[in-house]
Every structure is written in C-alpha cells, then in structure tokens.
1. What accessible area per residue comes out for the chain, rounded to a whole number of Å², with a 1.4 Å probe?
2. For the chain, what % of the accessible area comes from carbon and sulfur atoms, probe 1.4 Å?
3. Taking K and R as +1 and D and E as -1, what net charge do the other residues with C-beta under 13 Å from the C-beta of V23 add up to?
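The values are calculated or read from the model by the stated rules, or taken from the named source; none is laboratory data. This structure is a prediction, so every number in the text was calculated from the model and none was measured. When we count neighbours, we look across all protein chains shown, and the Cβ atoms used for this are built from the backbone with ideal geometry, even at glycine. These area figures cover heavy atoms from the full protein model, side chains too; ligands, DNA and RNA do not enter into them. Shrake-Rupley method; radii C 1.70, N 1.55, O 1.52, S 1.80 Å.
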Amino acid sequence: HVGLLFVDWTRGSLLHLSGRAEVDWDPAAASRMPGALRVVRMTVDAVQQRDYAVELRWSAPVLSRYNPAP
C-alpha cells in the first residue's frame, strides 16, 4: 500500500492519493527513463482533496544556486 500527500503551501490545500504500488525490477523498464534504476507503478484507489486545510502559508520557493542544472 502507498500514499502520497501533496501540499499547496500558497493556498493551504492538500491532495492525498492512496493505492497500491508495484516495483518493476526489470532493467529494461528502467532503461526507458533516463537516470532510473527501478520503476514504481502506482494504482490509485482513492483521491482526497481538501482546500484550505493548512493554516500555514509560504511563498513560492527560491531554488538554491547549488542545485544542479536540469
């Protein structure tokens, strides 16, 4: 089982995805995605969205100059 939580810090909204995950250990699957060693596939069983669920707010992030170039 797996769950992912995405937070929108500018509006305080939450998006929660839950479901099942499977790891594909076949190197051929990972080779189609540059830099990947494994592939994880998620089947979403439930989605919950809650607007304005978090009282805290942040502005948009400023990326560090030490981040590698894309």
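1. 88 Å²
2. For the chain, the apolar C and S fraction of the accessible surface comes to 58 percent.
3. 0
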